[in-house]
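Contents: one structure, followed by commentary.
The values are calculated or read from the model by the stated rules, or taken from the named source; none is laboratory data. Computed from a predicted model, the values in this text were never measured in an experiment. Cβ: placed from backbone, ideal geometry, glycine included. Neighbour counts: every protein chain shown. What goes into the accessible areas is simple: the full protein's heavy atoms, side chains included, and nothing from ligands, DNA or RNA. Shrake-Rupley method; radii C 1.70, N 1.55, O 1.52, S 1.80 Å.
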Amino acid sequence: MKHGYPRAERIRADKEAERLRAERLARPRRHIRDVFQDEARNFTPWIAENLWMVKRAVKGIKDLDGLSLVETEHAAGRSRIDVLARVERPDKRRHNVVIENQLTPSDASHLGRLVKYAQLVDAYAVIWICPSFTSEDLDTIDVLHRHMPARFAAFRCVANQAEEPNKAYVDLLPAREDRPRRDIDDFLYDYLG
């Protein structure tokens, strides 16, 4: 006879974790720069230390369970990839995961870097993390996700006030909330129509 109900306990624990996360997200927001003063010295190391949050946030890309850190500030051409990670994908060619993070809203220069980095390291996945995104950047990420060999995803980094003063809860949320993804045909229709 089996003792306990491990699946039921796991489901309860998952529900409790989601309840706590929702409770934290309901707290007053803080500006992300209040939490991370410098991207290279504070934000990038935080991402590297919290890859489990990236794995949890990225549900639309398979094979990210074994995500592990390769290097921060990895040289790529004349630029540096904020976080280079790796996934174990037996019998698959691409293993690199590029994570580009920024403390400012999305912009075209970072979007261009993502495409360049994906090509330079033959990336399996490319993840962009910043506080907010323009709809044009998100639409472009959607098109890249569908038409490039690498999988592309975008996440907002949000900070909410914790119980203790000068502390915050930081979380990664999908960049596109309740907005339908646009297909390339939609762009052509808008442009031509």
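Considered as a group, the residues in segment 104-136 that are acidic (Asp, Glu) and on the phi < 0 side of the Ramachandran plot include one that is surrounded by the most Cβ atoms within 10 Å (Cβ to Cβ), and that residue is Asp107. Reported count of residues in segment 152-172, each being assigned to a strand (DSSP E or B) and either open to solvent by 30 Å² or more (accessible area, probe 1.4 Å) or modelled with pLDDT under 85 (or both), is 8. Return a yes/no flag: does segment 65-74 have any residue that is over 22 Å from Arg176 (Cβ atoms), modelled with pLDDT of 90 or more, assigned to a helix (DSSP H, G or I) and within 15 Å of the chain's Cα centre (by Cα). Within segment 65-74 (the criterion being over 22 Å from Arg176 (Cβ atoms), modelled with pLDDT of 90 or more, assigned to a helix (DSSP H, G or I) and within 15 Å of the chain's Cα centre (by Cα)), the answer is no, since none of the residues qualifies.
In segment 153-180, the residues that are more than 17 Å from Glu18 (Cβ to Cβ) and among the basic types (Lys, Arg) form Cβ pairs under 6 Å with partners that are surrounded by 11 or more Cβ atoms within 10 Å (Cβ to Cβ) and modelled with pLDDT of 75 or more, at six or more places apart or across chains, as follows: Arg156/Leu173; Arg156/Ala175; Arg176/Leu138.
If you go through segment 125-151 and keep only what is touching a residue at least 60 places away in the same chain (Cβ under 8 Å) and in contact with a Ser or Thr (Cβ under 9 Å, 6 or more places away or on another chain), you end up with just Pro131.
Checking each residue in segment 75-103 for being closer than 22 Å to Arg41 by Cβ, open to solvent by 10 Å² or more (accessible area, probe 1.4 Å) and outside any strand (DSSP E or B) picks out only Arg78. Annotation: of all residues in segment 38-74 being touching a Phe, Trp or Tyr at 6+ places or on another chain (Cβ under 7 Å) and more than 18 Å from Ala150 (Cβ to Cβ), the one that is least open to solvent (accessible area, probe 1.4 Å) is Phe43.
Scanning segment 173-193 for residues that are at pLDDT 80 or above and either out of contact with any Lys or Arg (no Cβ under 8 Å at 6 or more places or on another chain) or of a type in the set (A, V, I, L, M, F, W, C) (or both) yields a count of 2.
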